[in-house]
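What follows is a set of notes on a single structure, which appears directly below.
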Amino acid sequence: MKTNINEFNYEITMEMLDQMNELRVTDGKIEDILNEEKGSRVAGEVLYYLGLDWTNKHFKYELDHLHPFARFDTNKPPQVTIEKWKLWRGMRNRLPNLHLLEGRSNASKSDMRLIDYYNDMNEVQKQAFMEQATIPKDVALDFEDFDVFYEKRKEVLSNHIRALLQ
């Protein structure tokens, strides 16, 4: 990009930008973003930008797992196959299972199951949580439905990320 800017007398045109593959939003690039894991700069920044309309600059937010990371280190649910369990364990630390949570709330959530955390809220808190965590309304929060939860949230996040980048 720097070479192109220098070659065209420090002018950038839309045509120039359209021809740069690095700047195109593709399904592959969105998939790469969705596969980012907790601790990566990209995962944190994506959730930060997706949460700009509800975060408060005076609060400290932490990247947290929706379905607790430690739950995947215990016994698998009986109805889940070994192959599926291995897949779930690989997905547990990726963006579709992560969200921003205000520091004090994160401390209270700890390793609590997502469905229990949700059920401890009042109706106003539940609605705000579902919107802020970008969880589709029609998805079950039970751990036994992790794969469905993950895929539906991944789809919603993909749409939000695409809108953010275009």
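Laboratory data are not the source of any read-out in this text; all were calculated from the coordinates shown. Keep in mind it's a predicted model, so treat the numbers as computed, not measured. All Cβ positions, even for glycine, are placed from backbone atoms using ideal geometry, and neighbour counts span all protein chains on display.
Taking trypsin sites (Lys or Arg not before Pro) across the stretch 67-159, the ones in a DSSP loop with at most 11 further Cβ atoms lying within 10 angstrom of their Cβ are 137.
Along the charge dipole of the stretch 36-76, pointing to its positive end and built from +1/-1 on Cβ of Lys, Arg, Asp and Glu, which listed residue (67, 52, 40) has its Cα farthest out? Towards the positive end, the residue furthest out is 67. Net charge dipole, the stretch 25-165: roughly 280 debye, given to the nearest 20, about the Cα centre with Cβ charges of +1 for Lys and Arg and -1 for Asp and Glu.
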